[in-house]
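Below is one structure, written out as structure tokens, with a few remarks after it.
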Amino acid sequence: MSSGADILEKGGISGVASTPATGQATLSAIGDLSIAAEQAVQEGVAVPRWTRWLSVWLFVILLYLATCFVLVSILKTNPYIEVFYAPLLPVSIAGLVFWRRQVWKSRSMAWQANSKAHRNRWNSLAHETANGANALRANITALREANPSLTGTEQIQQIERALARIVRALETSGQ
């Protein structure tokens, strides 16, 4: 008489444990597709450098022109050249502040997208692990039904204890 480990290793009695579950393969394919779609979305989130610089330069130019217009309308003196030099320092400082804001905003968006992708990967991993544990549990049940003499074997009990640990780990990771 062969042990439970030999039966599991050989594929079970009459191929019960070795037949792949079609639902498992489908769920795995769906999980892979969701990860691929999430990665494609994440790659689309990255903002090109010229777009960030374009917004900074537009901000600086519009602020400079608005400041010059306000100064020209307030000051009614003839030497307008001073009106165009006066806002250079404040507009430069505002431009630097806006540029740093854009840099940190871009970094924050990239970090959030990366964090979301990691969460989705962990959720996919948990989903696949739960599906694998359910498939193992179903195959053990089918093996016991096919061969009732394996019910009390030590190997089957060890597999069940390992499955219980996997389920506990999944439950704690979900909290």
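The values are calculated or read from the model by the stated rules, or taken from the named source; none is laboratory data. On a predicted model such as this, the values are computed, not experimentally measured, just so you know. Cβ: placed from backbone, ideal geometry, glycine included. Neighbour counts: every protein chain shown.
Just a few scattered comments:
- Among the candidates 169, 126, 138, 142, residue that is in contact with a Leu (Cβ under 9 Å, 6 or more places away or on another chain), hydrophobic (A, V, I, L, M, F, W, C) and assigned to a helix (DSSP H, G or I): 126
- Residue within the range 84-95 that is under 19 Å from the mean Cα position of the chain (by Cα), closer than 27 Å to residue 52 by Cα and part of a helix (DSSP H, G or I) present: no
- Members of the range 70-83 found to be exposed (fewer than 12 other Cβ atoms within 10 Å of the Cβ) and part of a helix (DSSP H, G or I), listed by number: 73, 74, 81, 82
- So residue 101, is it among the charged types (D, E, K, R) and either in contact (Cβ under 8 Å) with a residue 12 or more places away in the chain or within 27 Å of residue 167 (Cβ to Cβ) (or both): no
- When the test is whether a residue is more than 30 Å from residue 53 (Cα to Cα) and at pLDDT 85 or above, residue 114 does not pass it.
- Residues that are under 13 Å from residue 56 (Cα atoms), polar (S, T, N, Q) and at pLDDT below 90, drawn from the range 74-105: 102
- Restricting 141, 151 to residues that are in contact with a Lys or Arg (Cβ under 8 Å, 6 or more places away or on another chain), without any contact (Cβ under 8 Å) to a residue 24 or more places away in the chain and either surrounded by fewer than 16 Cβ atoms within 10 Å (Cβ to Cβ) or among the basic types (Lys, Arg) (or both) narrows the list to 151.
- Failed item, numbered, when residue 50 is tested on (1) surrounded by 10 or more Cβ atoms within 10 Å (Cβ to Cβ); (2) modelled with pLDDT under 90: (1)
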